Amino acid sequence: MAASSTAPLANILLNSIENLLLAEQQVQNKDVAQQQSDDYVLENFWNNLSLLTSVEQAVLSLVSVFYSLSPVYGSVLHSNVQYAVVRAIQAARLLLKVIKDEGGEAIPERYHQSTGIVWQGCDLIAKCPQDNKAAVLRELHGQNNLVSDAFTEISEALKGDGSGWNCLDDSEDYMEEEDKWTNEDKDLIGPSVNLIKAAKILYKRVLAAVEKNGSCATPDKVKELDQLYEDCKLVSKTVDTLILELYPPLNVSSMEEQSCQLADLLRTALKTCAQSHIASEAEQPHIDFLDKAVVHNLDCMKEKLSHR
């Protein structure tokens, strides 16, 4: 499979860089008074001065193999590999630019910095997820961290009055004028906070289900993982937007709009999960319960708003 070829490609690029540095040392240590044979042809010198092309060839090989990664293996896997390949190419290009622009005058630290970036780029390739399940899990973990942090942040803020959340000025006058939640505000945002909590629970259930039951055995299962990733990604982004709308001064219309959107996205993600191969029979009651909790909190928010 194309994905399993990424590690050898990383080795190719790393070997090219090592050879490049070795060549640099050899040139620097060359005795200019060394004797040359009488039949030496200057033109051959320029024809043979092509050490840098090995890096170019390695990069082109990397690109060629990347293009052979079929979409059937999953769009999330493809995106992960694409990111790693681009970073490796950018790193190699930076190193060659340093050599071209600065040549032998470049200070050692500059070379070390550039080669370090190349090593990092190649390391990204070596650590690429090997299939779509691993790629989806990696992305979901990142999204889960964002949602969990958002819920923790707003929960801690609710222990106070919400003041100072965006404070960039520590002056006493500013602190006296900053916005705060009223008791009514804190009551109004309660259902929205619960929707964020539902998102946190969603990620917990989905991650466990993908880890246990996720499969790339068939193209359909690969597509189901891709769709689950797409739906969850929208949940994470909306949580990020909603959390800002909840802080004082409370914009009720924006809070309502983003909360309704989050509820819809949560239900879509839950439906996608329920209809996919990752949801076992034992998981269905948990999905149903969470779906009802989303609807309940949305209704609670609308009821509170209707009495304002």
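The values are calculated or read from the model by the stated rules, or taken from the named source; none is laboratory data. Keep in mind it's a predicted model, so treat the numbers as computed, not measured. Every residue, glycine among them, receives a Cβ derived from its backbone with ideal geometry; neighbour counts consider all protein chains shown. Heavy atoms of the whole protein, side chains included, go into the accessibility calculation; ligands, DNA and RNA do not. Shrake-Rupley method; radii C 1.70, N 1.55, O 1.52, S 1.80 Å.
What the table shows:
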{"read-out": "Selection count, region 186-235, where residues are closer than 24 Å to His296 by Cα, among the hydrophobic types (A, V, I, L, M, F, W, C) and free of Cβ contacts under 8 Å to residues at least 40 places away in the same chain", "value": "1"}
{"read-out": "Filter pass, Leu265 being assigned to a helix (DSSP H, G or I), without any contact (Cβ under 8 Å) to a residue 60 or more places away in the chain and surrounded by fewer than 17 Cβ atoms within 10 Å (Cβ to Cβ)", "value": "no"}
{"read-out": "Residue that is open to solvent by less than 20 Å² (accessible area, probe 1.4 Å), charged (D, E, K, R), assigned to a helix (DSSP H, G or I) and modelled with pLDDT of 95 or more, where the choices are Asp231, Asp240, Asp220", "value": "Asp231"}
{"read-out": "Thr182 at pLDDT 95 or above and out of contact with any Lys or Arg (no Cβ under 9 Å at 6 or more places or on another chain)", "value": "no"}
{"read-out": "Whichever residue in region 46-69 is outside any helix (DSSP H, G or I) and small (Gly, Ala, Ser) and, among such residues, is modelled with the lowest pLDDT", "value": "Ser50"}
{"read-out": "Whichever residue in region 275-291 is in a helix (DSSP H, G or I) and open to solvent by less than 30 Å² (accessible area, probe 1.4 Å) and, among such residues, is modelled with the lowest pLDDT", "value": "Glu283"}
